[in-house]
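Here's the structure, in structure tokens; my notes come after.
Each reported figure results from applying straightforward, stated rules to the coordinates on display, with no laboratory input. Predicted model only: the values in this text are computed from it and were never measured. All Cβ positions, even for glycine, are placed from backbone atoms using ideal geometry, and neighbour counts span all protein chains on display.
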Amino acid sequence: MPAFPLSPLPALAARDRPAYIEIGIEASKPKFQLSLSAEIMPRPEAKSLRRPEQVRRFPNGRIETVSHHETTIGRISADPGWRWSRDVRPIAQTHSCQIHHLGVVLRGRLRVETDAGEVCEFEVDDVYDIPPGHDAAVVGDETFEAIEFASARIFAMPTDSDRVLAAVLCTDIVDSTSHLRRLGDSAWRELLTEHNQQTRGELNRFRGREIQTTGDGFLAVFDGPARAVRCAQAIGSSVANLGLAIRAGIHTGEVELVGTDVRGVAVHEAARVAAAATAGEVLVSATTRLLLAGSGLSFESAGIYQLKGLGDACELFRLAAASG
């Protein structure tokens, strides 16, 4: 079976930007990441493809998926005679399949032809790695079935479905590790439970949609940035009565709704903005500030930041203390 050539990734040149502050997961808080993982050990969790969270059907096939945080696993089935260029191209609206596939064949055979003319066939127990730019077809009279890793979230997803403009809020408890060490596991869990209850109360009051709890913080989306900012402000005031301080970041942009989850660059940017905040701060992106004109909320410049992995340096804005 011929293998696809792999091109090495170009080395990333180190940049010296003394005028900017490098903000990322490592620079702000080692435990702060998109999932805002907690110091409390996460519990093992099982989901079954026999009870998929989402089923996407396309002509002559379907894909059933489950998700764990940012990872989506799918079981794809394609009937005899299925061909990507005939059955999925009208959905994807691209000349060839532009998705990277990584998975393992459970049954049947699949023939793949790349845009460069390379041909490869995959059979039972093959672990395949198919780069973007290809057509594919089921070979023979047996249904093709495989477990998909790399493409399960987006394969055969309409190009413009479930994308909405939203204000994304990320919060995080400041110095949570110190609280845990000072209080001990049991007392910290009780305090965290109270924090979560009060946060959910504010999310409900400002019509926010909780996406996930992140151990010591929350990821939520709102239909407008003013509600997101006021909710962040209210959460900070509420949990201060518990002796806790939070940092909060808000960015407004297009997100993709996938079941109960939300994904997209806007989510990453909100997490990076939150990572830049200090105790008690609510920071917003420049885009969010522009959308808040006339809201009655006041902001001041928090400086220029290089948000890790998000391109050029940008200015962030701090909610003024007397705002609202």
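One table, with the values for the structure above:
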| item | result |
| --- | --- |
| Highest-first arrangement of 192-199, 123-130, where packing means the average Cβ count within 10 Å | 192-199, 123-130 |
| Nonlocal amide H pairs with residue 54, under 5 Å, H built at 1.01 Å | 65 |
| Region 127-143 - phi-based ³J(HN,Hα) in whole Hz, Karplus 6.51/-1.76/1.60, Gly and Pro as x | 9, 9, 9, 10, x, x, x, 7, 10, 8, 8, 6, 9, x, 9, 9, 4 |
| Formal net charge of residues neighbouring residue 128 (Cβ-Cβ distance under 12 Å; K, R +1; D, E -1) | -4 |
| Net charge over other residues, Cβ less than 9 angstrom from the Cβ of residue 281 (K, R count +1; D, E count -1) | +2 |
| Within-13-Å neighbourhood charge of residue 233 [Cβ basis; K, R +1; D, E -1] | +3 |
| Alpha-carbon centroids, region 242-258 and region 48-66: separation in whole Å | 30 Å |
| Per-peptide average of other Cβ atoms within 10 Å, ordering 290-303, 244-257 highest first | 244-257, 290-303 |
| Convex hull projection area averaged over all views, region 163-319, Cα basis, nm² | 9.1 nm² |
| For region 99-104, Karplus couplings with θ = phi - 60° (6.51, -1.76, 1.60), whole Hz, Gly/Pro x | 10, 7, 10, 9, x, 9 |
| Percentage relative contact order, region 176-324, counting C-alpha pairs under 8 Å, at least six apart | 16 percent |
